[in-house]
Amino acid sequence: MTIKSGIICYIIGIASAIAQPNPDRPDLCQGAYFTEEEGAKALQTFASTYHDKASWEARASLIRKGIREGMQLPARPQFAPLKPIRHSLRTMDGYTVENVAFESLPGLFVTGNLYRPINATGKAAGILCPHGHAPNQDARFLEQAQQRCATLARMGAVVFVYDMLGYGDSKQCDHKISKALTLQALNGIRSLDFLTSLPEVDTTRIGVSGESGGGTQTFLLTALDSRVKVSVPVVMVSSYFFGGCVCESGMPIHKRPTHQASNVELAALAAPRPMLLISDGKDWTRHTPEVEFPYVQNIYGYYGAKDRVKNVHLPNEGHDYGPSKRAAAYRFLAEYLKLDLNRVLKDGKIDETPNKILTPTDLQVFTSEHPRPADAVVGDEAVLALLN
């Protein structure tokens, strides 16, 4: 990501933060729903409801149920067969890239790019890379996304980066469709299905990492699907900020008739699976070392697993998935997914220079030669009808 695009994304995030809460929807917790002080105090209130592993797991069960019911997630989603579309395989320096689509719900396609290591021996770890918001809705094509996927593939992982609704090739409905939260959760689950269906992937070594809105997708998917073994939500886990977009907080997953929760507890549902919180000093994660991280670490302590949750805080940085944030993620994912960090080190530092940044045209899934399938459902109302 360039400095300019990073600033734009940060301004978009701040604009979302100050636009809430929403007086017309008292059941929703959106944007900066709490003040910073209220967010920290809320964590103290939440913590008073449990005191050991058993009581935490009772609350965790309540929170998971609240997520599912709040986003109206079907108990048994009526997924279509995957029927993957794969084309335009390119061989790079230590990895390959190809353009991929597959069905989620009937007629709704997940679109993205699959990065794979060259000369891998044995089964490979699999990593999903959801992305955050961007002003041009081409976040999958940004340098920060391509660098992350290419480097992880060079380390030995099979990596799939996929579009948010309305982004990239996923233009079957608007991004801010009313049930975007549900649809993106289902697409995330289906992306796990695709990744774990690949014969070269070790299904016991699955990770997820995304930034901002992709960070929200990361901790929600980790909470909902036990196949995720390692979680790295970047610049998103906050005690007072709940996500500024409808795709993150547009449905009542935090405030339920039975309880109130925040994204800190939603992220803590990963326990005791390894999780790295990456935070910075210029957005809503500025207090992570003093507020959010100790709260989550306490929960991990109930499992005797405090060492499995870590925080890398970058006080002089802002809201992105830049080089230092990626370096922290690479080291954590290498440790817990058994990747070969040495493949991407030069003089002891992460070296991304072998990666080639491709154009959006190179990475596009649906083209004149590879058109979107004729049975694709198009339009907000038609896509929402798939959930009925």
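Each reported figure results from applying straightforward, stated rules to the coordinates on display, with no laboratory input. A quick note: this is a predicted structure, and the numbers were derived from the prediction, not measured. Glycine also receives a Cβ, built like all others from the backbone with ideal geometry; neighbour counts cover every protein chain displayed.
Of note:
- Phi-based couplings in Hz for the stretch 40-54 (Karplus 6.51, -1.76, 1.60; Gly and Pro marked x): 5, 5, 4, 4, 5, 5, 4, 5, 6, 8, 8, 8, 7, 4, 5
- This ranking places F219, F46, F194 by how few other beta-carbon atoms lie within 10 Å of each, fewest first, which gives F46, F194, F219.
- Listed by Cβ neighbour count within 10 Å, with the fewest neighbours leading, K229, K349 appear as K349, K229.
- R25 paired with Q260, simple spin-label distance in nm, labels 7 Å along Cα-to-beta-carbon: 1.8
- Ratio Rg/Rh [Cα only; Rh per Kirkwood] for the stretch 82-187: 0.98
- Dimensions in Å of the chain - Rg and Dmax from alpha carbons: 19.5, 59
- Under the Karplus curve 6.51 cos²θ - 1.76 cosθ + 1.60, θ = phi - 60°, whole-Hz ³J(HN,Hα) for the stretch 209-215, x wherever Gly or Pro sits: 8, x, 10, 6, x, x, x
- Highest mobility in the GNM of the chain, judged by mean-square fluctuation with C-alpha springs under 10 Å and restricted to V378, V344, V161, is found for V378.
- Between the alpha-carbon centres of the stretch 28-68 and the stretch 124-164 there is a gap of 30 Å.
- Residues Y303, Y162, sorted so that the one with the fewest Cβ neighbours within 10 Å comes first: Y303, Y162
- Fully extended contour minus Cα-Cα distance, from T361 to D340, at 0.36 nm per residue: 4.5 nm
- Cα gyration tensor shape for the stretch 215-302, rounded if a/c is under 1.5, else prolate or oblate: rounded
- Among the GluC sites (Glu not before Pro) within the stretch 87-156, not one is in coil by DSSP while having at most 12 neighbouring Cβ atoms inside 10 Å.
- Calculated diffusion of the stretch 274-333, Stokes-Einstein form, Kirkwood radius summed over Cα pairs, 25 °C and 0.890 mPa s, µm²/s: 207
- Gaussian network model of the chain, springs between alpha carbon atoms under 10 Å - residue of A101, A58, A120 with greatest fluctuation: A58
- Normalised contact order of the chain, rounded percent, pairs of Cα under 8 Å and 6 or more residues apart: 21
- Modelled FRET efficiency - R0 35 Å, K65 with D138, Cβ distances, 0.05 increments: 0.45
- Links that overshoot a 26 Å alpha carbon limit, given the list K65/K179; K171/K325; K229/K310; K229/K325: K171/K325
- Straight-line reach from K53: taking Cα to Cα under 16 Å and skipping same-chain neighbours fewer than 8 places apart, the lysines in range are K306.
- Note on K41: lysines with a C-alpha under 20 Å away, same-chain residues under 8 apart excluded, are K255.
- Modelled this way, with points 7 Å down the Cα-to-C-beta line, the labels at H370 and N316 are 4.2 nm from one another.
- For the stretch 317-322, 3J(HN,Hα) per residue [Karplus equation, 6.51 cos²θ - 1.76 cosθ + 1.60, θ = phi - 60°, Hz, x = Gly/Pro]: 10, x, 8, 6, 10, x
- Once the Cα gyration tensor of the stretch 140-253 is diagonalised, semi-axes √(5λ) in Å: 23, 16, 15
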